[in-house]
Amino acid sequence: MRTKVHFLSFDEITNALRTLGFDVQGVPGVANQMFARKYGAGAVLAHDTTSLDKKSQQIAVRWRERPGFMLGGEVATLLDRGFQKFWKSSRLEVPATADSLKAVHRFAEELREVIGEPSLYNESLGTTSDSYMYDRVKGRDLPVSQRPVPAWLAPPKTS
């Protein structure tokens, strides 16, 4: 016999996070959003009002800002430049350390467990970047007409 799964409401998730030692605060000036912090990492979660209308979607919250390291009071995103990862906020950009990556990974796993979001395989292996800026992929997000010409397709230089 199948057991019924109880999905937590927004208020129950907030209380569960506080019980587990998360610092949970409302986002100033924004309704139905909460700012969760722990281990020097943080994320912004929003109340998912669409879950009330659709029975198929049972999770009461959704990510407003993905988990990241706290820099200057805001959640920084992880930027991968191929040779090194960086934490980037609106004002700062600092190299990511192994300790900061472990803290964000641990924070994100605990947060996913509480809100009932599935844990994906690639994210379970370690921290995934929000943005990839390798030299070879630079400009790929531009339309084809605006992309720089690759060196192997450029006409030969004459001296």
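The values are calculated or read from the model by the stated rules, or taken from the named source; none is laboratory data. Keep in mind the model is a prediction, meaning the values are calculated, not measured. Don't worry about glycine lacking a Cβ; one is built from the backbone with ideal geometry, like all the others, and counts go over all protein chains shown.
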Give me the pairs: first residue in segment 66-86 and in contact (Cβ under 8 Å) with a residue 60 or more places away in the chain, second residue in a loop (DSSP other than H, G, I, E, B), beta-carbon distance under 6 Å, and six or more apart or on different chains, which are they?
GLY68/ALA76
The number of residues in segment 1-57 that are at pLDDT 85 or above, part of a helix (DSSP H, G or I) and surrounded by 18 or more Cβ atoms within 10 Å (Cβ to Cβ) is 0
Based on what the data block shows, is VAL104 part of a helix (DSSP H, G or I), surrounded by 14 or more Cβ atoms within 10 Å (Cβ to Cβ) and modelled with pLDDT under 85?
no
Which listed residue, of LEU153, LEU79, is farther than 30 Å from ASP11 by Cβ, touching a Lys or Arg at 6+ places or on another chain (Cβ under 6 Å), modelled with pLDDT of 80 or more and not in a helix (DSSP H, G or I)
LEU79
